[in-house]
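Laboratory data are not the source of any read-out in this text; all were calculated from the coordinates shown. As the structure is a computational prediction, the values presented were derived from the model and not from experiment. Cβ placement follows ideal geometry from the backbone for every residue including glycine, while neighbour counts extend to all protein chains displayed.
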Amino acid sequence: MQIISTLIITIGFVFMAFGVTAMFRFKNFYTRILASSKIDTVGIITVIIGLGIRHGLSPFTAKIVLLGIILVIFNPLVAHILVRSAYRSGHKIEFFNDNEADNT
């Protein structure tokens, strides 16, 4: 079980690393917030599953599952609030063409 849980936790951290990479790869605010919120949510779920497998049925597992439920609910909600407030305050959606991005 230790090897399986370590593998699942590592996969979760790899998802989070992809989220950090996406923050630098994408060009505008809206795509960055979408990528970071979705991938971080998947990474947290995967890490919590791995920790739950590692510790079995215990009070610690119950606490991290509760924390995971809270994160799964509030992470997309906070991302939605950020995007909505940016849109309402007038932050424009920028569209980039691959040819235009290379020339600048």
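Candidates 34, 47, 65 compared by Cα position along the dipole of the chain: farthest toward the positive end lies 65, with charges placed on Cβ. Distance between the pseudo-spin-label points of residue 2 and residue 14 (7 Å out from Cα toward the beta carbon): 2.2 nm. Determine, from the Cβ-Cβ distance of residue 88 and residue 66 and an R0 of 30 Å, the FRET efficiency 1/(1 + (r/R0)^6), rounded to the nearest 0.05. For R0 = 30 Å, the calculated efficiency reads 0.35.
What order, most packed first, do the peptides 10-22, 78-90 have when packing is the mean number of other Cβ atoms within 10 Å of each residue?
On the way: 10-22: 15.5, 78-90: 11.6.
Listed from highest to lowest mean packing, they are 10-22, 78-90.
Listed by chain and number, the lysines placed with their C-alpha closer than 25 angstrom to that of residue 27 are 38, 92; residues fewer than eight positions away on the same chain are left out. Simple point charges give the picture: +1 on the Cβ of Lys and Arg, -1 on the Cβ of Asp and Glu, and for the chain a dipole about the Cα centre of about 360 debye. Over segment 2-94, Cα pairs under 8 Å with separation of 6+ residues give a relative contact order of 34 percent.
A simple rule links phi to the HN-Hα coupling: the Karplus curve 6.51 cos²θ - 1.76 cosθ + 1.60 with θ = phi - 60°, which for segment 55-67 gives 9, x, 7, 8, x, 4, 5, 4, 5, 6, 5, 4, 4 Hz, with x for Gly and Pro. Cα axis of helix 2-25 to longest principal axis of the chain: angle in degrees, 0 to 90, nearest 10? It works out to around 10 degrees.
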